[in-house]
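A short worksheet on the structure shown next.
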Amino acid sequence: MIKQLLALLWGFFDAIFFLISLIFANLFAYSFGIRWFWLSLAITTFVIALASEMPALSNKGGNN
């Protein structure tokens, strides 16, 4: 029971820190200019979309 709760908590913090790191990467790109910000935003959107598809593809029943 405790192990399942800790695994769930670990996954939650992993996702939160992943999103926070992407936000900081976008803010860093914005400091170089608006064009770099838009490029960074496009790349991070692609990374989030790719990361959201990975669990579905790893399951044998997902998206088949």
* Asked: Roughly how tilted is helix 34-58, in degrees to the nearest 10 and between 0 and 90, from the longest Cα axis of the chain?
  -> 10 degrees
* Structure fact -> Carbon/sulfur accessible area of the chain, % of total, 1.4 Å probe, equals 77 percent
* Asked: Rounded to a whole number of µm²/s, how large is the Stokes-Einstein D of the chain at 10 °C and 1.306 mPa s, given Rh as the Kirkwood radius over C-alpha pairs?
  -> 115 µm²/s
* Which value at 222 nm does the chain reach when only helices count, each DSSP H run of 4 or more adding -39,500 (n - 2.57), with the total divided by all residues and rounded to the nearest 500 deg cm²/dmol? -> -30000 deg cm²/dmol
* To do: Taking the chain as the reference, fit the longest principal axis to its C-alpha atoms, fit the long axis of helix 2-30 to the helix C-alpha atoms, and give the angle between the two in degrees, 0 to 90, nearest 10.
  => 10 degrees
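Return one whole number: the accessible area per residue of the chain in Å², for a 1.4 Å probe. Could the numbers behind the result be given before it?
On the way: 5810 Å² over 64 residues.
Solvent-accessible surface per residue comes out at 91 Å².
The values are calculated or read from the model by the stated rules, or taken from the named source; none is laboratory data. As the structure is a prediction and not an experimental result, all values here were calculated from the model. Calculation scope for accessible area: heavy atoms of the full protein, side chains included, ligands and nucleic acids excluded. Shrake-Rupley method; radii C 1.70, N 1.55, O 1.52, S 1.80 Å.
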